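Each reported figure results from applying straightforward, stated rules to the coordinates on display, with no laboratory input. What you see is a predicted model; the values in this text were computed from it and never measured. Cβ atoms come from the backbone with ideal geometry, glycine included; neighbour counts cover every protein chain shown.
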Amino acid sequence: MTTDPTNPIALTAEQLDTFHRDGVLALPSRFSPDEVAGLVAALDELMADDVPENIREKTSGVVRSSFDLHRRHPLYARLVNDPRFVIPAHQILGDDPVYAMQVKVNAKEAFTGEQWQWHYDFATHHREDGLKEPIALNMHIFLDEVTEFNGPLMFVRGSHLDGPPPTELDTTTTSYPLWTVGPSVVGPLAERGGLVCPKGPAGTMLIFGDAVVHGSPPNMSPWSRRIFSLIVNPVSNRQTTFRRPAYIHDRDFTPLVARDEPLLASV
Ligand code: SIN
Ligand code: MN
């Protein structure tokens, strides 16, 4: 896999340092307005489906997360092999092949989007899927502008640095059971590292690590906050238990390969 540092898609040494230090990195303007419009149009169709892949909010019944998008639409199938994901992933993880382990949008619709409690993804990936190491990467694209009003993600900067913190299973707060991190753990980590809340226009990309603590408040605003999320994981760290459905954790471990043609080329 190419990791040519002269490639404009490649992360700079400073960006790599920020990722390793903070556990999260924001990359403005990575996807164009046309690309975002194409992804949103496809998503509107997919979210209208009455299928288990569309998980609904506990209170309103509105779609909270739509899973398995790469198996449900050709544009999302192309997206997972986008060089803007694959090249930075290999810069961070080395040359080991990676697979698309989870492909979804978290919708957090206007007025109805509910919170995500403090958590880190490896707690679920380890306990539910048997991943051994906290090295998977969560790569986001904002499909709407993300502001302080519409339920942005917050990260506890550097909360991954001492290894995965203690967790507890929450099955009651939202529609989706989650291994969460309690106040007595979040408090000191946040005092030490501070919080970071990346915001920006649609097309902004985020990359964050599997053990960095994050969460997000409800969306009380009149503006939706849809975020695409691709989790990539080295094939060498693939799942060893199969408790969750394949649409939540893909069982196809075929390595991702950076595509040459533009995302919107022939869909
Ligand atoms: C997540 O942590 O997986 C989702 C958080 C969010 O979409 O706000
Ligand atoms: Mn998460």
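Here is how the numbers come out for the structure above:
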item	result
Phi-based couplings in Hz for the stretch 25-40 (Karplus 6.51, -1.76, 1.60; Gly and Pro marked x)	9, 9, 10, x, 6, 7, 10, 7, x, 5, 5, 4, 4, x, 5, 5
Distance between modelled label sites at residue 145 and residue 59, nm, 7 Å Cα→Cβ extension	2.6
Restricting the stretch 34-137 to chymotrypsin sites (Phe, Trp or Tyr not before Pro) in coil, as DSSP defines it, with at most 16 other Cβ within 10 Å	111
For peptides 26-32, 100-106, sequence by mean Cβ density within 10 Å, most packed first	100-106, 26-32
Gain in span if fully extended, residue 162 to residue 132, counting 0.36 nm per residue against the direct Cα distance	9.2 nm
Charge context of residue 257, other residues only, Cβ under 14 angstrom, K/R +1, D/E -1	-3
Other-chain or far-sequence residues with amide H under 5 Å of residue 54's (modelled H)	67
Efficiency of FRET from Cβ geometry, residue 29 and residue 195, R₀ 25 Å, rounded to 0.05	0.60
Test item: Cα-centred dipole of the chain, Lys/Arg +1 and Asp/Glu -1 on Cβ, debye	340
Karplus-derived 3J(HN,Hα), 6.51/-1.76/1.60, for each residue of the stretch 226-237, Hz, glycine and proline x	8, 10, 7, 9, 10, 9, 10, 9, x, 4, 5, 10
Whole-Hz couplings from phi, Karplus 6.51/-1.76/1.60, listed for the stretch 246-258; x for Gly and Pro	4, 6, 8, 10, 5, 9, 9, 9, 4, x, 6, 10, 4
Residue among 141, 160, 86 farthest towards the positive dipole end of the chain, charges placed on Cβ	160
Computed label-point distance, nm, for sites residue 48 and residue 223 using a 7 Å Cα→Cβ extension	2.6
Those lysines that a straight Cα-Cα span of less than 30 Å connects to residue 58, excepting residues fewer than 8 apart in one chain	104, 108, 199
Cβ-placed point charges (K, R +1; D, E -1), dipole of the stretch 160-267 about Cα centre in debye, nearest 20	200
Mean Cβ count within 10 Å, highest first, over the residues of peptides 144-155, 176-187	144-155, 176-187
Amide H contacts under 5 Å for residue 170, placed H, 5+ residues apart	178, 179, 180
